[in-house]
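This report concerns only the one structure given below.
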Amino acid sequence: MNIELIKKHIEEWLELAGEKQTPFSAKILLLAAVVYFLSPIDLIPDFIPIIGYLDDLVIVPLLVWLALRQIEAYRVEHMASQKAYKNDETKEPNKLGTLS
């Protein structure tokens, strides 16, 4: 496993968690993934052959996947609200002063 690649991913996750627009729950999940990955305490100790690393291979990607899903859902919702706002801006008010 390439150490530089791991460091790059951890830095990207921490940067994403630090973004202002990232939902709070996604920030928590990303930070939990980094802490769990770097922590010497695991659900299954790493000294147990094969299954010791299995929890790292399952839990960390799961936490990152959940966070990325939340970020994507926020992004889609934000883009939809921006589009709706632009559509409302282009409508002309009718005689009653409401948008038609």
Which ones in the range 32-60 are in contact (Cβ under 8 Å) with a residue 12 or more places away in the chain and loosely packed, with under 12 Cβ neighbours inside 10 Å? Leu38, Leu43
Mind listing whichever residues of the range 61-100 are surrounded by fewer than 10 Cβ atoms within 10 Å (Cβ to Cβ) and either assigned to a loop (DSSP other than H, G, I, E, B) or modelled with pLDDT of 90 or more (or both)? Glu92, Asn94, Lys95, Leu96, Gly97, Thr98, Ser100
Cβ-Cβ below 9 Å, separation at least six or inter-chain, first residue in the range 12-29 and closer than 12 Å to Leu66 by Cα, second part of a loop (DSSP other than H, G, I, E, B): which pairs? Lys27/Glu19
In the range 10-56, the residues that are in a helix (DSSP H, G or I), more than 18 Å from the chain's Cα centre (by Cα) and not acidic (Asp, Glu): Leu38, Ile51, Gly52, Tyr53, Leu54
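The values are calculated or read from the model by the stated rules, or taken from the named source; none is laboratory data. All values derive from a computational prediction rather than experimental measurement. Note that we place each Cβ from the backbone using ideal geometry, even for glycine, and neighbour counts take in every protein chain shown.
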